[in-house]
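In what follows, a single structure is set out as structure tokens and then discussed.
Just so it is clear, none of the values below were taken in a lab; they were calculated from the coordinates. This is a predicted model, so every value here is computed, not measured. Note that we place each Cβ from the backbone using ideal geometry, even for glycine, and neighbour counts take in every protein chain shown.
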Amino acid sequence: MTVPPPRRTQAERRAATRALILTHTADCLLERGYAQTTVTAVQERAGLARGTVQHHFPTRTELLVAATTHVVDLRLAEFTRAAELLPTGEDRLQAIVDLAWRDLNSPAFFTALDLWVAARTDPELRERLIQEERRVFTEMRARYLEMVGEPYADDPRAELLVEFTIDLLTGLSMTAMLTGSLGEREHVVERWKRALTVLVGKAPSTELLDADLHPIPD
């Protein structure tokens, strides 16, 4: 005799519905962008009544901010899993840059970026996103510093180099998003990886003058 599975509690059903809504909202943001991610579009994709979506998220702004939090949490989880596979030793620093570059070219990053851009002219959205933006940047920087490990962890320059790395790669990712060209940007990433080895004293400054580090073509 087959025993039927236990019925889910009301709280479990509510959590499952909320997760379904957020997943479809994040997918819609990635595929269609901020302007076309409406409550109607989300409820149609999720196969739910409009009232069900609005019961969980009374306004579009609340829905989009919650979706951003959802995406950030997924991004942090994926980043943590990837960080556990990083090599040790001299190659670790460059591997961290490669991991950062993959993260900043991921669907999760571009989904969040679309909302941040929209928030520039949407005061309500901007106010709600500020706290989430602080959380993700604080957590990402802390994780980078933790990943660096010895002998770099105690280097007083480590925090500044992490900041430079994230800012540089974020800018490169944004320009690549517009141009669709990753090749030229990846060349800059390779230059920065070489520069880091010089800055932490693991390579002579002449490393930056190698022939393969030619200027980026116009």
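Values computed for the structure shown
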{"item": "Read-out volume of the Cα convex hull per residue in Å³, derived from the coordinates shown; its label in (i) 158; (ii) 185; (iii) 133", "result": "(ii)"}
{"item": "Fewest-first ranking of 137, 109, using other Cβ atoms within 10 Å as the exposure measure", "result": "137, 109"}
{"item": "Computed magnitude of the charge dipole of the chain (debye, nearest 20; Cβ of K, R +1, Cβ of D, E -1)", "result": "1240 debye"}
{"item": "Extension gain, residue 160 back to residue 38 (0.36 nm per residue minus Cα-Cα distance, nm)", "result": "39.9 nm"}
{"item": "CD proxy at 222 nm, helix term only [per DSSP H run n ≥ 4: -39500 (n - 2.57); per residue of the chain; nearest 500]", "result": "-23500 deg cm²/dmol"}
{"item": "Relative exposure of 160, 20, judged by other C-beta atoms within 10 Å (fewest first)", "result": "160, 20"}
{"item": "Total formal charge among the other residues, if their Cβ is under 15 angstrom from that of residue 35, Lys/Arg +1 and Asp/Glu -1", "result": "0"}
{"item": "The chain: angle of helix 107-119 to the longest principal axis, Cα-based, in degrees nearest 10", "result": "80 degrees"}
{"item": "Residue-count net charge about residue 83 - beta-carbon cut-off 13 Å; Lys, Arg +1, Asp, Glu -1", "result": "-1"}
{"item": "Mean separation of Cα contacts under 8 Å, 6 or more apart, over the residue count of segment 68-209: relative contact order %", "result": "24 percent"}
{"item": "Under the Karplus curve 6.51 cos²θ - 1.76 cosθ + 1.60, θ = phi - 60°, whole-Hz ³J(HN,Hα) for segment 197-204, x wherever Gly or Pro sits", "result": "5, 6, 5, 8, x, 9, 7, x"}
{"item": "Full-extension gain in nm, residue 141 to residue 177, via 0.36 nm per residue minus C-alpha separation", "result": "10.7 nm"}
{"item": "Neighbour-count order for 192, 116, 101, fewest beta carbons within 10 angstrom listed first", "result": "116, 192, 101"}
{"item": "Normalised contact order of segment 8-58, rounded percent, pairs of Cα under 8 Å and 6 or more residues apart", "result": "32 percent"}
